[in-house]
Amino acid sequence: MQIMDFLSKKAIVMDIKSGKKEDVIKELVEALINAGDIEKRYRNKLIDALMAREALGSTAIGQGIAIPHAKLDCVDKLVAAFGLSRKGVDFDSLDGELAYIFFLLVAPQDSAGPHLKALARISRLLKDKYFRDTLRSSTDEKSVVKIITQEDEKKL
């Protein structure tokens, strides 16, 4: 599974404005709605599901990365948004560091396999410091897609 198989190219936020966890999630959900990947009427349901998941334990995995995720019956395929925060956001990370790189994942309710594979794929690629640093220094959506595509091709 490659990240570009489920990352919405139209749901890439290069400069997250929010400084709080819930607001970052709202910003990324809005990006998925604007990209046409999530219907507008499911906005609150999705935000509630993502925040409920956060209440179980932060999805910030350390090293400046957060992967908020939820499963919902209002999507029929795995979809993700990408966000970059220049200032960093306190996302209750295990290592106490701010989060700068965000992948927000939404999967169909009954898709445990693809959902877990996507989470594993993202976290595996993001273990690479060079990859994280390159993503953080990217300046536009095209460069994010290019960086992720190159990394996807290297690590199949």
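The conditions are (1) under 14 Å from the mean Cα position of the chain (by Cα); (2) within 20 Å of residue 116 (Cβ to Cβ); (3) surrounded by fewer than 15 Cβ atoms within 10 Å (Cβ to Cβ), and residue 22 fails exactly one of them. Which is it?
(2)
Could you run through the stretch 33-67 and say how many residues are hydrophobic (A, V, I, L, M, F, W, C), in contact (Cβ under 8 Å) with a residue 12 or more places away in the chain and loosely packed, with under 15 Cβ neighbours inside 10 Å? Can you show your working first?
The initial filter retains those residues of the stretch 33-67 that are hydrophobic (A, V, I, L, M, F, W, C), namely 33, 35, 38, 46-47, 49-52, 55-56, 60-61, 65-67.
Within this subset, residues satisfying the condition of being in contact (Cβ under 8 Å) with a residue 12 or more places away in the chain are 35, 38, 46-47, 49-52, 60-61, 65-67.
From what is left, the residues that are loosely packed, with under 15 Cβ neighbours inside 10 Å are 52.
Total satisfying the criteria: 1.
Does any residue of the stretch 87-104 turn out to be among the polar types (S, T, N, Q) and within 27 Å of residue 153 (Cβ to Cβ)?
no
Testing residue 108 on (1) in contact with a Pro (Cβ under 9 Å, 6 or more places away or on another chain); (2) of a type outside the set (D, E, K, R); (3) crowded, with 21+ Cβ neighbours inside 10 Å, one condition comes back false. Which one is that?
So residue 108 meets the others, but not (3).
Could you check, for the stretch 77-99, whether at least one of its residues is of a type in the set (D, E, K, R) and without any contact (Cβ under 8 Å) to a residue 24 or more places away in the chain?
no
Every read-out reported here was derived from the displayed coordinates using simple, explicitly stated rules and does not represent laboratory data. From a predicted model like this one, the values you see are computed outputs, not experimental measurements. As a convention, Cβ positions derive from the backbone with ideal geometry for all residues, glycine included, and neighbour counts pool all protein chains shown.
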